[in-house]
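J.: Before anything else, here's the structure in question.
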Amino acid sequence: MAQVAIQQADNLANNLIRLEKNQSIHPFRYKDLGSMATIGRNKAVVDLPFWHFQGFFAWAVWLFVHLMSILGVKNRLFIFLEWMWNYFTFDQSLRLVIKQKTNKNRAPES
C-alpha cells in the first residue's frame, strides 16, 4: 500500500511543478515494484516482478529494505541496534496498555 501512495505523491508533486510552468500534467501510472512480508523469525516472502523467494534470505532483504527507507543515519543506527538487541535477546517489545472497562449503569460499590 505504501508504494501506491509514494508513487502518487511523486506524480502529484511533478504535476504541480508542471502546472506552475504552464505545462500539461501526466496521468498517474502505477509501477509494481513487488511486495515483501515477514512471516516470523528468520522467515519472509519477497515477490518481485522478476524474482520470487522466501526464507532467511528474504527476511534479510526485508530488513535491509526497511532499514534503508528510514530517514537519517542516526535513526537508522538506533533502529538497527534495537533490532539486533531484540534478535539476540528474543525480546518481542510488545507493550500493551489495557484499560479496565467500567459499567456506567451499575451502582457504585460501597
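J.: Report the calculated FRET efficiency for LEU16 and ILE98 (r = Cβ-Cβ distance, R0 = 41 Å), to the nearest 0.05.
T.: Taking R0 as 41 Å, the efficiency between LEU16 and ILE98 is 0.35.
J.: Quick check: from the Cα gyration tensor, does the chain come out rounded (a/c under 1.5), prolate or oblate? Present the calculation step by step, with values, prior to reporting the outcome.
T.: Details: a/c = 2.36, a/b = 1.38, b/c = 1.71.
Because a/c hits 1.5 or more and a/b fails to exceed b/c, the chain counts as oblate.
J.: Oh, and also: Take peptides 55-68, 26-39 and line them up by average Cβ neighbours within 10 Å, highest first, as a rough protection proxy.
T.: 55-68, 26-39
J.: Taking the 0 to 90 degree range and rounding to the nearest ten, how far is the long axis of helix 56-68 tilted relative to the main principal axis of the chain, both from C-alpha atoms?
T.: Tilt relative to the chain: about 80 degrees.
J.: Extending each Cα 7 Å along its Cβ direction at PHE28 and PHE78, get the distance between those two points in nm, one decimal.
T.: 3.3
J.: As I understand it, the dipole of the chain uses +1 on the Cβ of Lys and Arg and -1 on the Cβ of Asp and Glu, about the Cα centre. Which of LEU33, VAL45, GLN8 lies farthest toward its positive end?
T.: GLN8
J.: May I pose another question? Taking 0.36 nm per residue of sequence separation and subtracting the Cα-Cα distance, how much length would be gained by fully extending the chain between HIS66 and HIS52, in nm to one decimal?
T.: 3.2 nm
J.: Then there's this: Take GLU20, GLU82 and order them by how many other Cβ atoms sit within 10 Å, fewest up front.
T.: Sorted ascending by nearby Cβ count, the order is GLU20, GLU82.
J.: Need one number: nm distance between label points at SER35 and VAL4, each 7 Å from Cα along Cα→Cβ, rounded to one decimal.
T.: Label-label distance for SER35 and VAL4, simple model: 1.0 nm.
J.: Rounded to the nearest 10 degrees, what's the angle between the helix 73-89 long axis and the longest principal axis of the chain, both from Cα atoms, 0 to 90?
T.: 50
J.: Now, a different point. Just need the relative contact order of the chain here, percent rounded to a whole number, with Cα pairs under 8 Å and 6+ apart.
T.: Normalised by residue count, the contact order of the chain is 11 percent.
J.: Sticking with this structure for a sec: What list do you get for ASP47, ASP10 if you sort them by fewest beta carbons within 10 Å?
T.: ASP10, ASP47
Laboratory data are not the source of any read-out in this text; all were calculated from the coordinates shown. Note that the structure is predicted; figures quoted are calculated from it, not measured. FYI the Cβ positions are ideal-geometry reconstructions off the backbone, even for glycines, and counts take in every protein chain you see.
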